[in-house]
Structures are given as C-alpha cells and as structure tokens.
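Input: a single structure, listed below in structure tokens.
The values are calculated or read from the model by the stated rules, or taken from the named source; none is laboratory data. Just so you know, these numbers come straight off a predicted model, no measurement behind them. Methodologically, a virtual Cβ is constructed for each residue, glycine included, from the backbone with ideal geometry; neighbour enumeration extends over all protein chains shown.
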Amino acid sequence: MLNITRYLWVLVLIVTLGGLWYPYLGYVMAVVMLTLMITAVFRGRWFCGNLCPRGSFNDFVLNKISRKKNIPGVLRSLWVRVPLFILIMSLMIYRVSIVFATRNMFEKIGVILVSMCIVTTVAAILLGGYYNSRAWCTVCPMGTAQRIIGGDRYQLKMAHDLCIDCKKCEKICPMELTVRDIGNNPDCIKCGRCVEACPKDALYF
C-alpha cells in the first residue's frame with residue numbers, strides 16, 4: 001500500500017457529489033479505468049490495492065461501519081463477475097453511443113460516467129456495509145478485467161519454511177484470501193498488508 005492510498009477515497013466524493021453539478025468530473029473515472037488497464041498488464045490487480053479511489057473508500061471509510069461478515073463465495077465466481085462486466089460495459093457503451101456526435105457530447109458523456117460512479121458506489125456501500133468492506137471489490141467489473149488481463153503477474157510469494165502458520169496474514173487480508181495458497185490467486189490486490197503483518201518475513205513480492 002502506498003502512502004497516498006489512504007487519501008484517495010476523497011476522489012469518490014468529488015466525483016459522486018461534485019459531478020452532480022460539474023459532469024466533467026466524470027472523466028476522472030475514465031482516467032482511472034485507463035490507468036488500471038495499463039497497470040494490470042504488468043501487476044494484475046495491484047491498482048485495486050494501491051491506487052483505486054473506491055478501494056481506498058472501502059478500506060478507510062466504509063470499513064468503519066461495515067458489519068464485516070464473510071464475503072459470499074458467489075461473488076468470487078467468474079460466472080457472476082464476467083456477465084456483470086459485460087452488462088455494465090455494454091450499458092455504458094450503449095449510453096455513450098446515444099449521445100455521440102450530439103450537442104454538448106462531452107458533457108453528456110461526463111454525466112454518464114458520473115452516474116456509473118454513483119451506482120457502483122452505492123453498490124459498494126450496500127455490499128461492504130453488510131459484508132466485508134471490500135465485498136464489492138470481489139465482483140467489481142474493473143477488478144475482473146484486471147484479473148483477466150494480468151492476474152498471474154507480480155504474484156505474492158511465500159517462504160514456506162519460515163511460515164509458522166499464525167494466520168496473521170489471512171486475518172488482515174482485505175480480500176479474505178487464503179494467503180498460503182495465494183501464489184496462484186489472481187484476485188490478490190497486492191496491497192502488501194500481509195507482508196507487513198508477517199512476523200517471520202515469510203511473504204514477499
């Protein structure tokens with residue numbers, strides 16, 4: 001996790017609230033989407049754990065009120081995640097196609113991006129408020145895209161001979177992953193909290 005990570009949640013408020021009056025703020029969403037697609041090629045879901053504004057919101061704001069129930073396994077299923085990705089992306093492309101080449105096109109596209117941010121933020125609050133605050137991140141379309149693009153990149157490694165099976169790493173993992181088997185888990189968000197929590201320095205990237 002980067003030093004700036006804990007402050008990025010402010011961007012969620014700026015876009016979801018400020019975007020109601022100034023739609024061009026929606027283009028922050030476009031920048032975020034483009035950036036995460038690029039980083040995914042090299043580091044998989046690293047963006048989710050280090051630069052994602054909503055991930056920061058989930059960790060440092062939503063986590064304070066979350067009931068912290070275990071994330072349902074169904075949210076991890078690609079049978080749910082891929083169709084959701086296709087649905088949301090299709091709706092966005094369709095809405096953009098309607099306003100394309102019309103008057104005030106860029107402002108209208110901004111409205112579309114802001115509305116998408118609002119809808120997904122509400123979904124994140126509902127899921128994260130009841131389950132683990134990162135519940136949305138397990139089903140997030142952008143997280144799924146990063147998994148598909150580079151889920152096998154920049155994997156967490158473990159020196160098994162040093163591990164004392166204290167499970168501190170798993171208790172602190174925001175994605176509720178089984179860290180001992182994480183070498184092949186493309187949904188690791190590379191936040192590094194498990195590495196910091198390990199008393200034996202058995203984990204590393």
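Looking at Met105, Met116, can you tell me which residue is without any contact (Cβ under 8 Å) to a residue 12 or more places away in the chain, assigned by TED's automatic domain parsing to the domain that holds Arg81 and closer than 25 Å to Gly26 by Cα? The unique qualifying residue is Met105. So, of the residues in the stretch 1-47 that are small (Gly, Ala, Ser) and buried (at least 17 other Cβ atoms within 10 Å of the Cβ), which turns out to be farthest from Cys117 (Cα to Cα)? Restricting to residues being small (Gly, Ala, Ser) and buried (at least 17 other Cβ atoms within 10 Å of the Cβ), the top hit is Gly44.
Among the candidates Asn50, Asn58, Asn70, the residue that is surrounded by fewer than 14 Cβ atoms within 10 Å (Cβ to Cβ) and among the polar types (S, T, N, Q) is uniquely Asn70.
I'd like to know if the stretch 140-148 contains one or more residues that are under 17 Å from the mean Cα position of the chain (by Cα), surrounded by fewer than 16 Cβ atoms within 10 Å (Cβ to Cβ) and part of a helix (DSSP H, G or I). The answer is yes, given that some residue of the stretch 140-148 is under 17 Å from the mean Cα position of the chain (by Cα), surrounded by fewer than 16 Cβ atoms within 10 Å (Cβ to Cβ) and part of a helix (DSSP H, G or I).
Yes or no, residue by residue, for (1) modelled with pLDDT under 95; (2) basic (Lys, Arg):
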site: Ala101; (1), (2): yes, no
site: Ile112; (1), (2): no, no
site: Ile118; (1), (2): no, no
site: Gln146; (1), (2): no, no
site: Gly151; (1), (2): yes, no
site: Lys171; (1), (2): yes, yes
site: Asn184; (1), (2): yes, no
site: Ala202; (1), (2): yes, no
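When each of Arg54, Arg67, Arg6 is tested for being basic (Lys, Arg), in contact (Cβ under 8 Å) with a residue 40 or more places away in the chain and closer than 19 Å to Cys188 by Cβ, the lone residue that passes is Arg54. The set of residues in the stretch 87-122 being exposed (fewer than 13 other Cβ atoms within 10 Å of the Cβ) and within 17 Å of the chain's Cα centre (by Cα) consists of Val122 alone. Scanning the stretch 149-167 for residues that are surrounded by 17 or more Cβ atoms within 10 Å (Cβ to Cβ) and either under 11 Å from the mean Cα position of the chain (by Cα) or not in a loop (DSSP other than H, G, I, E, B) (or both) gives Ile149, Gly150, Met158.
For the stretch 41-87, a residue qualifies if it is within 18 Å of Gly150 (Cβ to Cβ) and among the polar types (S, T, N, Q), and exactly one does: Asn50. If the condition is being in a helix (DSSP H, G or I) and within 14 Å of the chain's Cα centre (by Cα), then the stretch 123-139 contributes Ala123, Ala124, Ile125, Leu127, Gly128, Ala135, Trp136, Cys137, Thr138, Val139.
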